[in-house]
């Protein structure tokens, strides 16, 4: 059992995490093994995210202290929250993948930019490409006209070489 000062310290630390987080995803972890939860936490840690489990009342107080109104008490099951601090997509992606692999684990809802989002919106967020993928697509898009121009110039040189070879073969 935690004492009142310990609970206050826990709420304070959780409030700081929530303020620093870009996205928070609530999930019901009931029936998920400790080993699987450790794997989930390790995977989240790689992307600068974390997964916190606490009593519903303490979670609600932490979110209230952070200026976010969310009704944690009425969520069904044992509630955990993933907090993504580095980007908005990675935590949702990892939880979506984990929930597909583990039938006991359910995503309930999330918070993005201080607004509550539904389970479907969290799934849509998880379906977005990562930052690295988007940057790679941007570089490819920027590079495409240059590549096309180089191919056109190379085509003209190939045609010139072909014509000169044909003339050489004719003589």
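The values are calculated or read from the model by the stated rules, or taken from the named source; none is laboratory data. Values in this document were obtained by computation on a predicted structure and should not be read as measured data. Because the Cβ atoms are built from the backbone with ideal geometry, glycine has one as well, and the counts that use them run over all protein chains shown.
Some values worked out for this structure:
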| item | result |
| --- | --- |
| Residue within the range 1-8 that is crowded, with 18+ Cβ neighbours inside 10 Å and in contact (Cβ under 8 Å) with a residue 40 or more places away in the chain present | no |
| Tally, over the range 78-121, of residues that are surrounded by 15 or more Cβ atoms within 10 Å (Cβ to Cβ), touching a strand residue (DSSP E or B) at 6+ places or on another chain (Cβ under 9 Å) and more than 19 Å from residue 48 (Cα to Cα) | 11 |
| Criterion: in contact with a helix residue (DSSP H, G or I) (Cβ under 9 Å, 6 or more places away or on another chain) and without any contact (Cβ under 8 Å) to a residue 40 or more places away in the chain - qualifying residue of 134, 153, 157, 128 | 128 |
| From the options 61, 14, 44, 40, residue that is in contact (Cβ under 8 Å) with a residue 40 or more places away in the chain, over 25 Å from residue 96 (Cα atoms) and either part of a helix (DSSP H, G or I) or outside the structural domain of residue 108 (by TED's automatic domain parsing) (or both) | 61 |
| Total residues in the range 18-37, condition surrounded by fewer than 17 Cβ atoms within 10 Å (Cβ to Cβ) and not in a loop (DSSP other than H, G, I, E, B) | 5 |
